[in-house]
Amino acid sequence: MTTAGVRHQPVVPAGMARRDPSGVRLTWLYVRSRRVPAGVLALAVCGAVLRAALHWHWTFTSGPYAQQVPLIIEAGAAAAIAVTSHGPFGEAERATGRWLPYLRLGIALGLTGVAIGLLQLGVLGEGLNQGVLVLARNVIGITGIGLLCSLVTGGLLAWTLPLGYMAFCQYALLEGWTAPWTWPVRPPADRGAWTAACVVFAVGLIVFTVRGPRTRLTDNG
Amino acid sequence: MTVMATAVPGSARVPGPSRVLRLEIKRSVVPWVLPLLAALFYFDTIRTASGLPPVWTLRASAITDHMLNDFDAFGAGLAAWVGSREGRRKTGDLVAATPRAAWARQAAALGGTAFWLLLAFLAGVAVLYVQTGLQATWGGPPLWPVFVGVADVIVVTVFGFTCGTLFPGRFTAPLVAIAIFLLDFAGFHAALNVTAGSSTYGLLAPDTSPPPVDAGVFYHGLPDVPIAQVMFMGGITLALLGVLGLAPVLRKLASRGWPVRGTLVDGDGWWLRAIAVVLLAAGVAASWTAYSLAGTAKLTATGWEIPALHDAASDEPVPFVPDCTSGPDGFRVCVHPAFSGYLSDVAAALDPVAAEIAGLPGAPVRAEQVASVGTGPGGFEPSYIAGNPAVFDYNGEQVGDLFGGFRGIPAGAGPFWRAAFQQGLLDSFLAEPPHPAAAARTGLAPLGAAQQAVEDALMIAAGSQPPQDAVQGGQSGGPSQAQITAAARRFAALSPSARHAWLAAHLRALESGQITLGQLP
């Protein structure tokens, strides 16, 4: 027996005859494996909760307390993004090709943009304390923290550090901290706060893109 | 020899519940998050508490107002993470064949998580109480905040675990943690604006509005609301445990639909489901009862009182022996022993102005700290002079225009603080007589221009700078502030005996507003 007989093209099942371009399919498979659609839904929930908080006045209108509820919800959105970094295939996925880092980069960037957009959509017509600039800065910076955390804890527990940072910033808000690395307490146009948030996001995104989240053999969630 | 020889019938032992629990404790994820919780505890709880006077009830408020926020969010999130384990890993069918029932596995996982969270919480409380114990000069650690905290940690753990069990997924843990954080904040928001009958959630939430500086010092802290809180959270815990027991039934219902009757009694675990239903009913009843009780709460001078839970004995004042010191002119200053650290600062502030007015009609011979709770304009009892011999009564929250006088640490008492204390005494002394306590409690009338000038002069003579932001003279149509200041400097330039003699002769007229600025020497 020789291999001559298998050199011709295998027969394609009738239902599979028309296929998506491989790039789109790969992206879609990656998106599904990371539960990105559910993540977008979680971000939409965050936007809806933010709108409800502003509409029904769950938050204070001025003073240090006014930033607390938006900050909690922004951290929730960032945590949801961080959690989507987890892949169910673990170490084996790393050997499948060279596109994985690009997919990680694209999805993380895209979800961050979607989060800012959905939260901004949620506050349309309502008065958000400190405006959309602080909202965007918080989401960007805390997402960076979440991506960095995923390198240590893995994607599924990557929400812990964003939550801890947010809890610390609640304290910093009340105590009037002014350090740039506590960017949620700083005014919208503060250059140091923007620099700190963007640096954290950039570092988190680059390292996450290159290395990916921590994976273990038991990763199958 | 084969393995058959070792397989003695009946010798296979199922690991005991304690061994399973030990395994869960050993493999729990909570210890990995403890450093983060410890850092938050240091900043949010310890540093905040360190800025408060070493009064037990006040420091203990950091447990419910700060510490629980962090523990709640992480506790609920981590419990949700543990609770979703089987569903997340899709091992439900695999572990279904193990000898232990599902509820036993869940109980061990929940117990392991709750063990670490409670251990961390109690360790934090111990650190806070040891720190307070080393600094406090009176009283002992209040236990109700600890009971409320334990009930709170347990209920959020069970809540998170239940959410994780019912909705296993990667987003459950962070969303539950964020939801609990929001609930905590909503409770704090409600607690700040709590009014009788209108904000029951604000009373049942563990967060409280900042207590007065002398809370639990002159009167016992009422346990009525903490009892209702523990009952409320205990009820929710029971109900959630019932839901956990019914989780397999709920899943069947979700997959097969109704009717519920056959699903509840089918199979050999019907007794467990019956217990779960009883737990659910008992929990709902307990929580509803607590909610109803909290709705009847009313604010009294000693705190929130729930008539059905109230013990009249707790309304009695707490006996104490005041801590006193006498100045060189015999003026006696007393503080509650819980505030012994402030005694020398208060005496240093009041002695010089007391010496300036010593011997004048109505001049106080003593200053005493009284309870701050009251119905004054700021919610506190304003300082006033009353009695015969006259006594200057002040409190730790409000002395004249100074609010929060005993907040912070004694070493922070600066020139402004001393001047504000002196102004509080002189405001009471120079205001229109008589000085009955009941009238004084409604707040003193603002001083006239001449009274203000005399007050400023006496403070200058005592070596203080009159607080410019608190000057009450210079009203529209009256003398300007510059004229008042000039008159004050003129009067202060007199010799002490001349000032004293003029005051002795004109005090009544000055108090009743019959002296004008131009008539001051």
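Which residues, taken from segment B:185-223, are within 10 Å of chain A (Cβ to nearest Cβ) and either within 27 Å of residue B:300 (Cβ to Cβ) or assigned to a loop (DSSP other than H, G, I, E, B) (or both)?
B:186, B:188, B:189, B:190, B:192
With respect to the conditions (1) closer than 30 Å to residue B:211 by Cβ; (2) part of a loop (DSSP other than H, G, I, E, B), residue B:132 lacks only one, and its number is (2). Condition check for residue A:172 on (1) open to solvent by 40 Å² or more (accessible area, probe 1.4 Å); (2) within 14 Å of another protein chain (Cβ to nearest Cβ): one failure, at (1). Within segment B:212-220, the presence of at least one residue that is open to solvent by 20 Å² or more (accessible area, probe 1.4 Å), under 20 Å from residue B:307 (Cα atoms), at pLDDT below 95 and not hydroxyl-bearing (Ser, Thr, Tyr) is confirmed. Being modelled with pLDDT under 95, open to solvent by less than 30 Å² (accessible area, probe 1.4 Å) and more than 18 Å from the chain's Cα centre (by Cα) is a property that does not hold for residue B:283. Considering segment B:20-41, and only residues there that are open to solvent by 20 Å² or more (accessible area, probe 1.4 Å) and facing chain A (nearest Cβ under 10 Å), the residue that is nearest to the chain's Cα centre (by Cα) turns out to be B:39.
Kindly establish whether residue B:241 is over 20 Å from residue B:67 (Cα atoms), open to solvent by 40 Å² or more (accessible area, probe 1.4 Å) and more than 14 Å from every other protein chain (Cβ to nearest Cβ). So residue B:241 passes the test. Taking segment A:85-103 as the range and being in contact with a helix residue (DSSP H, G or I) (Cβ under 8 Å, 6 or more places away or on another chain) and open to solvent by less than 10 Å² (accessible area, probe 1.4 Å) as the test, the residues that pass are A:85, A:86, A:87. Within segment A:65-77, residues that are more than 12 Å from residue A:142 (Cβ to Cβ) and facing another protein chain (nearest Cβ under 10 Å) reach partners that are of a type outside the set (Asp, Glu) and open to solvent by less than 10 Å² (accessible area, probe 1.4 Å) with beta carbons closer than 6 Å, at six or more positions or on different chains, in the pairs A:69/A:53. For segment B:156-165, the condition holds for at least one residue, the condition being that it is more than 10 Å from chain A (Cβ to nearest Cβ), assigned to a helix (DSSP H, G or I) and touching a Lys or Arg at 6+ places or on another chain (Cβ under 8 Å). Here residue A:193 does not fit the description of being touching a Pro at 6+ places or on another chain (Cβ under 9 Å), crowded, with 24+ Cβ neighbours inside 10 Å and within 13 Å of chain B (Cβ to nearest Cβ). Looking only at segment A:32-52, residues that are out of contact with any Lys or Arg (no Cβ under 7 Å at 6 or more places or on another chain), at the interface with another protein chain (Cβ under 8 Å from one of its Cβ atoms) and either closer than 19 Å to residue B:190 by Cα or outside any helix (DSSP H, G or I) (or both) come to 1 in all.
Within segment A:53-62, the residues that satisfy the criterion of being at the interface with another protein chain (Cβ under 8 Å from one of its Cβ atoms) and either touching a strand residue (DSSP E or B) at 6+ places or on another chain (Cβ under 6 Å) or surrounded by fewer than 19 Cβ atoms within 10 Å (Cβ to Cβ) (or both) are A:58, A:60.
Only one residue in A:118, A:157, A:111 is within 30 Å of residue B:82 (Cβ to Cβ) and free of Cβ contacts under 8 Å to residues at least 60 places away in the same chain, so which one is that?
Only one candidate passes the filter, namely A:157.
When the residues of segment B:484-513 are filtered to those that are at negative phi and modelled with pLDDT under 85, the one that is most open to solvent (accessible area, probe 1.4 Å) is B:512.
All but one of (1) within 14 Å of chain B (Cβ to nearest Cβ); (2) buried (at least 24 other Cβ atoms within 10 Å of the Cβ); (3) not charged (D, E, K, R) hold for residue A:177, so report the exception by its number. With (1) within 14 Å of chain B (Cβ to nearest Cβ); (2) buried (at least 24 other Cβ atoms within 10 Å of the Cβ); (3) not charged (D, E, K, R) applied to residue A:177, the lone miss is (2). Looking only at residues in segment B:297-324 that are surrounded by 15 or more Cβ atoms within 10 Å (Cβ to Cβ) and among the hydroxyl-bearing types (Ser, Thr, Tyr), the one that is farthest from residue B:425 (Cα to Cα) is B:314.
Does residue A:183 satisfy the criteria of being of a type in the set (A, V, I, L, M, F, W, C) and open to solvent by 40 Å² or more (accessible area, probe 1.4 Å)? So residue A:183 fails the test.
Please count how many residues of segment B:325-337 are open to solvent by 10 Å² or more (accessible area, probe 1.4 Å) and under 20 Å from residue B:220 (Cβ atoms).
Residues in segment B:325-337 being open to solvent by 10 Å² or more (accessible area, probe 1.4 Å) and under 20 Å from residue B:220 (Cβ atoms): 1 in total.
If the condition is being at the interface with another protein chain (Cβ under 7 Å from one of its Cβ atoms), in contact (Cβ under 8 Å) with a residue 40 or more places away in the chain and either hydroxyl-bearing (Ser, Thr, Tyr) or not in a helix (DSSP H, G or I) (or both), then segment B:170-184 contributes only B:170. Does residue B:126 fit the bill of being of a type in the set (A, V, I, L, M), under 28 Å from residue B:249 (Cβ atoms) and away from every other protein chain (no Cβ under 14 Å)? The answer is no for residue B:126. Selection of segment B:51-85 for residues being open to solvent by less than 20 Å² (accessible area, probe 1.4 Å), in a helix (DSSP H, G or I) and at the interface with chain A (Cβ under 9 Å from one of its Cβ atoms) yields B:70, B:73, B:74, B:77, B:78.
In this entry, residue B:267 passes the filter for residues that are open to solvent by 20 Å² or more (accessible area, probe 1.4 Å) and modelled with pLDDT under 80.
The values are calculated or read from the model by the stated rules, or taken from the named source; none is laboratory data. Source: prediction; values computed, not measured. Here the Cβ is made from the backbone with ideal geometry for all residues, glycine too, and neighbour counts use every protein chain on show. Surface accessibility is based on the protein's heavy atoms, side chains included, excluding ligands, DNA and RNA. Shrake-Rupley method; radii C 1.70, N 1.55, O 1.52, S 1.80 Å.
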